[in-house]
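**Q** Input: one structure, supplied below.
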Amino acid sequence: MLGHGFHIERFDLIDSTNTYLMGKAREGAPGGLVAVADHQLAGRGRLDRRWEAPPGSSLLASILLREHLEPGTSHLLTAAVALSGAAAVERLCGLRPGLKWPNDLVIGGAKVAGVLAEADTCAPGGGPGTTAVVVGIGMNLTWPGPPGVGGTSLLAASGVVVDRDLLLDELLGELSLRLDLLRTAVGRETLTEDLRGSLVTLGTVVSVETPGGTVVGRARSISTAGHLVVEVGDDEVEIVTGDVVHVRPASEGQPGAD
Ligand code: BT5
């Protein structure tokens, strides 16, 4: 147990910290439960993708949250964890990762961490009107990710070998501040501004793979619901879910992989 109102369970080996905590949520476990593992056998990304990490190379953690969420604000939970991760890295490594919509932390365009949020509106427990949401984060400490995915590690980017438990402690301290912000309208506006200011995606030309096809245009903003607003010709397209597969500043003539 560390401070900040979180209760931490540690595992040498687990299938997935997200899967584990979702099971605990369905058993009625309280918000604030954290699972952290040295190694996952079935680490997950979005859309059934894999999150890979050799044993001991990464922060692999999930947090069960049971917040009263105003309609359309659930993306702020993902943002709160991502921003907390970035702030914790800045404190320990002296450099601040940017956020890449919708759920990556990047340094110099390379992915150093990914966030996965999963909700179960039927899970018992929690106060009236609260939803069980498990937010997981995988952050590369010493391994830059699998070949060919354009990843990096904190070690490669900053030269610092970050202690996993210290990083988790910093992240949870930052998160508890942001959970307080989530609980008021003014705080949510502050969080949204922080998100907008941290998103390296905004202002760049993006190609986004969406379920409905590829959208190419300039990323203009994030809607209050967390959707990416892309300017395509004279129109604005609001993207609910997708992968930014390609980003370049408008001033550059040639595309560059993000
Ligand atoms: C994510 O998904 O980026 C969310 C990753 C969340 C992982 C954490 S670990 C703790 C918790 N428990 C879990 O089971 N999951 C969470 P997505 O945007 O779908 O990105 C997945 C893609 O990132 C993969 O398809 C690979 O291309 C790439 N990838 C996999 N492992 C990586 C790594 N270590 N570093 C960089 N990229 C990676």
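**Q** Do we find a residue being outside any strand (DSSP E or B), over 24 Å from I14 (Cα atoms) and more than 8 Å from the ligand (Cβ to nearest atom) anywhere in segment 103-111? Spell out how you get there, then give the answer.
**A** Initially, segment 103-111 is screened for residues outside any strand (DSSP E or B), giving 103, 108-109.
Imposing the further condition that a residue be over 24 Å from I14 (Cα atoms) reduces the set to 108-109.
Checking the rest, the ones that are also more than 8 Å from the ligand (Cβ to nearest atom) come to 108-109.
Within segment 103-111 (the criterion being outside any strand (DSSP E or B), over 24 Å from I14 (Cα atoms) and more than 8 Å from the ligand (Cβ to nearest atom)), the answer is yes, since at least one residue qualifies.
**Q** Can you find, within segment 64-83, the residue that is farthest from the ligand (Cβ to nearest atom) among those that are among the small types (G, A, S) and surrounded by fewer than 24 Cβ atoms within 10 Å (Cβ to Cβ)? Full working, then the answer.
**A** To start, the set of residues in segment 64-83 that are among the small types (G, A, S) comprises 72, 74, 79-80, 82.
If we keep only those that are surrounded by fewer than 24 Cβ atoms within 10 Å (Cβ to Cβ) as well, we get 72, 74.
Numbers: G72: 22, S74: 16 Å.
This residue is G72.
**Q** On to the next question. Just name the residue that is nearest to the ligand (Cβ to nearest atom) out of those in segment 113-165 that are of a type in the set (D, E) and part of a strand (DSSP E or B).
**A** Filtering segment 113-165 for residues of a type in the set (D, E) gives 118, 120, 163, 165.
Within this subset, residues satisfying the condition of being part of a strand (DSSP E or B) are 118, 120.
On the way: E118: 9, D120: 15 Å.
Result: E118.
**Q** While we're looking at this one, here's another question. Of the conditions (1) within 14 Å of the ligand (Cβ to nearest atom); (2) in contact (Cβ under 8 Å) with a residue 60 or more places away in the chain, C93 fails just one. Which one is it?
**A** In the conditions (1) within 14 Å of the ligand (Cβ to nearest atom); (2) in contact (Cβ under 8 Å) with a residue 60 or more places away in the chain, C93 misses (1) alone.
**Q** Of the conditions (1) of a type in the set (D, E, K, R); (2) within 8 Å of the ligand (Cβ to nearest atom); (3) over 24 Å from P124 (Cβ atoms), D12 satisfies every one except a single condition; which number is it?
**A** Just one mismatch for D12, condition (2).
**Q** Before we move on, is L95 modelled with pLDDT of 95 or more and more than 11 Å from the chain's Cα centre (by Cα)? It would help to see each step written out before you state the result.
**A** On the way: modelled with pLDDT of 95 or more: yes; more than 11 Å from the chain's Cα centre (by Cα): yes.
So L95 fits the description; yes.
**Q** Just one of A88, A53, A25, A61 is under 20 Å from E193 (Cα atoms) and surrounded by 15 or more Cβ atoms within 10 Å (Cβ to Cβ); which is it? Give the steps one after another, and end with the answer.
**A** Numbers: A53 fails: under 20 Å from E193 (Cα atoms); A25 fails: under 20 Å from E193 (Cα atoms); A61 fails: under 20 Å from E193 (Cα atoms).
Selected residue: A88, the only one of A88, A53, A25, A61 that is under 20 Å from E193 (Cα atoms) and surrounded by 15 or more Cβ atoms within 10 Å (Cβ to Cβ).
**Q** Of the numbered conditions (1) touching a strand residue (DSSP E or B) at 6+ places or on another chain (Cβ under 7 Å); (2) in a loop (DSSP other than H, G, I, E, B); (3) of a type in the set (A, V, I, L, M, F, W, C); (4) at pLDDT 95 or above, L2 fails exactly one; give the number of that condition.
**A** Checking L2 against (1) touching a strand residue (DSSP E or B) at 6+ places or on another chain (Cβ under 7 Å); (2) in a loop (DSSP other than H, G, I, E, B); (3) of a type in the set (A, V, I, L, M, F, W, C); (4) at pLDDT 95 or above, the one that fails is (4).
**Q** Shifting gears a bit: Using the structure shown, decide if L166 is within 30 Å of A35 (Cβ to Cβ) and not hydroxyl-bearing (S, T, Y). Working first, answer last.
**A** Working: within 30 Å of A35 (Cβ to Cβ): yes; not hydroxyl-bearing (S, T, Y): yes.
When the stated conditions are applied, L166 passes them.
**Q** Scan segment 32-50 residue by residue and report those that are surrounded by 16 or more Cβ atoms within 10 Å (Cβ to Cβ), more than 13 Å from G114 (Cα to Cα) and either at pLDDT below 95 or in contact with a Ser or Thr (Cβ under 6 Å, 6 or more places away or on another chain) (or both).
**A** Within segment 32-50, A35, A37, Q40 meet the criteria.
**Q** Looking at segment 18-54, which of its residues are touching a residue at least 24 places away in the same chain (Cβ under 8 Å), more than 6 Å from the ligand (Cβ to nearest atom) and part of a helix (DSSP H, G or I)?
**A** T19, Y20, L21, M22, K24, A25, R26
The values are calculated or read from the model by the stated rules, or taken from the named source; none is laboratory data. Because the structure is a prediction, the values reported are computed rather than measured. Note that we place each Cβ from the backbone using ideal geometry, even for glycine, and neighbour counts take in every protein chain shown.
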